[in-house]
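Each value in this text was obtained by applying a stated rule to the coordinates, not by laboratory testing. Everything numeric here is computed off the predicted structure, so don't read it as measured data. Please note: Cβ atoms are built from the backbone with ideal geometry, for glycine as well, and neighbour counts cover all protein chains shown.
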Amino acid sequence: MKNLFLSAVVATATLASCSTVSSILQNTFPYNATVLVTSGSPANTTLSAVSTAQSINQITGAGANVKDIRVSNATMSVSSGASMGIFKSVKVYLSNNSSNEVLVASRENIPDNVGTSLALDLNSTSTLDHIMKTGSVQQRIVYVLKQSPTTDVTVRTSIGFSSVPVTNP
């Protein structure tokens, strides 16, 4: 009887920890996407670029173990030799196959001397379960340039998510 009780406790702890580990993995696993701003892109005009990436299910295979997925951090960086100061503003949207688009991060009035990386302001009010658990995720960056770039600029976004483990009642 003692062994049966001990086995039940170990099994319960193992099952609970799988969900917790999955949640921790997804909390710290960033969603990365890269787009290209081509040289000669017009300044003071709203432009956009789209990049596809994988959903949390495709990345970790454990999307069913989490819920209440929200943005916890977002950064944007540019290739060396460029500066985030070329942008006047940026907005990052996520969607599943171009539908259900949600603004997840943005930044207005970007200073000239900001450097190659920039932390974005988060929109963490919406849960992203309906986007992040689908087959494919699409990121759209909407931006306004201060000046036209003289060379192509690679823009990389990295978004981190927080989630809650799904527990069985």
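Annotations for the structure displayed:
- 3J(HN,Hα) couplings calculated from phi for segment 38-44 with the Karplus curve 6.51 cos²θ - 1.76 cosθ + 1.60 (θ = phi - 60°) are, in sequence order, 7, 4, x, 4, x, 7, 6 Hz; Gly and Pro show x.
- Vicinal HN-Hα couplings computed from phi for segment 114-127 (Karplus, 6.51 cos²θ - 1.76 cosθ + 1.60; Hz; Gly/Pro x): 7, x, 8, 9, 8, 7, 9, 7, 8, 10, 9, 6, 9, 7
- Proximal charge balance of Val164 [Cβ under 12 Å; K/R count +1, D/E count -1]: 0
- In nm, spacing of pseudo-spin labels at Val142 and Ser72 (7 Å Cα→C-beta vector): 2.8
- Ratio Rg/Rh [Cα only; Rh per Kirkwood] for segment 98-169: 1.04
- Charge tally in the Cβ shell below 13 Å around Glu101, where Lys, Arg are +1 and Asp, Glu are -1, Glu101 excluded: +2
- Charge tally around Asp121: other residues with Cβ under 9 Å, Lys/Arg +1 each, Asp/Glu -1 each, net 0.
- Label zone at Ser99, where the point sits 7 Å out along the Cα-to-Cβ direction: segment 119-163 residues whose backbone N lies under 19 Å: 127-140
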